[in-house]
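Coordinate-derived values only; no laboratory data. On a predicted model such as this, the values are computed, not experimentally measured, just so you know. With ideal geometry, Cβ positions are generated from the backbone for all residues, glycine too; neighbour counts draw on all protein chains shown.
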Amino acid sequence: MSLLRKCKKCGIEANTAEELDFFPVDTSSKHGRRNKCKKCFREGRQEYSRNYSREWFRRNPDKSRNSMLKQYYGITLDDYDKMLFAQEGECAVCNRHHTEFKKPLYVDHCHTTGAVRGLLCHTCNSGIGMLNDDLDMLYSACEYLEQYKHGRQI
């Protein structure tokens, strides 16, 4: 039996016409089939796609950030910049300037309605998130801190 095709990546061999179906058709090839099996060819395409995407996002930070903001929050990068200007570049809760942080301020939004509320630093955004956006929990935390404002009372 003669070898019809062999995958250059995994080494799978096609010795019959049925096994040749494991290799994608390629009319530009002299054999009419690719030199990689369908599985290896698909994996190669996926890897190329991942690498291409990573490179595109690295080369186009504003476009990728704008795309992410639209997808997750329904705002544009221009909207984000306007909010940042309106907040004078500060976190809406702790009032620390965005230049004090390594990352940009986070878009705070209501998880129920999806409405954007403002821009927060990681710490403030996480704190509100950990309390599940629950005002009663936040007030309770405030009362607790007020109770121990001047040191531990036993």
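Express in whole angstrom the spacing between the alpha-carbon centres of the stretch 76-154 and the stretch 1-36.
59
Treating the beta-carbon of each Lys and Arg as +1 and of each Asp and Glu as -1, no other charges, what is the dipole magnitude of the stretch 62-147 about its Cα centre, to the nearest 20 debye?
480
Nearest 20 debye, what's the magnitude of the dipole of the stretch 1-143 about its Cα centre given +1 on Lys and Arg Cβ and -1 on Asp and Glu Cβ? Write down the numbers at each step before the final one.
Values: 24 positive and 20 negative charges, 316 e Å.
Result for the stretch 1-143 is approximately 1520 debye, rounded to the nearest 20.
Which one is right for this structure if Kirkwood radius over Cα pairs in Å is calculated from it: (1) 18.3; (2) 20.9; (3) 17.1?
Checked against the structure: label (2).
Given contacts defined as C-alpha pairs under 8 Å and at least six residues apart, what's the relative contact order of the stretch 3-50, whole-number percent?
Numbers: 52 pairs, mean separation 14.8, N = 48.
That works out to 31 percent.
Please state the charge dipole magnitude for the stretch 5-57, taken about the Cα centre, from unit charges on C-beta atoms (+1 on K and R, -1 on D and E), reported in debye and rounded to the nearest 20.
Dipole of the stretch 5-57, to the nearest 20 debye: 160 debye.
Taking just the alpha carbons, could you work out the radius of gyration and Dmax for the stretch 84-138, both in angstroms?
Cα radius of gyration and Dmax of the stretch 84-138 are 11.2, 32 Å respectively.
Determine the equivalent ellipsoid of the stretch 1-81 by diagonalising the alpha-carbon gyration tensor, then write out the semi-axes as square roots of 5 times the eigenvalues, largest first, rounded to whole Å. Spell out each step's value before the answer.
Values: eigenvalues 391, 22, 20 Å².
Listed largest to smallest, the semi-axes of the stretch 1-81 are 44, 11, 10 Å.
For the chain, how many pairs of lysine residues have a Cα-Cα distance under 27 Å, where the two are 8 or more positions apart or belong to different chains?
The result is 22.
Using the charge dipole of the chain (Lys, Arg: +1 at Cβ; Asp, Glu: -1 at Cβ; taken about the Cα centre), state which of S29, T99, L138 has its Cα farthest towards the positive end.
S29
Report the calculated FRET efficiency for E88 and K63 (r = Cβ-Cβ distance, R0 = 30 Å), to the nearest 0.05. Spell out each step's value before the answer.
On the way: r = 27 Å, r/R0 = 0.89.
It comes to 0.65.
Tell me, what is the FRET efficiency for K38 and A17 to the nearest 0.05, using R0 = 22 angstrom and their Cβ-Cβ distance as r? Kindly include the intermediate steps, with their values, before the conclusion.
Numbers: r = 16 Å, r/R0 = 0.70.
Using R0 = 22 Å, I get an efficiency of 0.90.
Take the Cβ-Cβ distance between R117 and K149 as r, set R0 to 25 Å, and report the resulting FRET efficiency rounded to the nearest 0.05. Kindly include the intermediate steps, with their values, before the conclusion.
Details: r = 27 Å, r/R0 = 1.10.
It comes to 0.35.
Where does the chain land at 222 nm, in deg cm²/dmol rounded to the nearest 500, when only DSSP H runs of n ≥ 4 count, each adding -39500 (n - 2.57), divided by all residues?
Numbers: 6 runs with 71 residues, N = 154.
Computed mean residue ellipticity for the chain: -14500 deg cm²/dmol.
In percent, what relative contact order does the stretch 1-118 have, based on Cα pairs under 8 Å that are 6 or more apart in sequence?
On the way: 95 pairs, mean separation 14.1, N = 118.
Relative contact order comes out at 12 percent.
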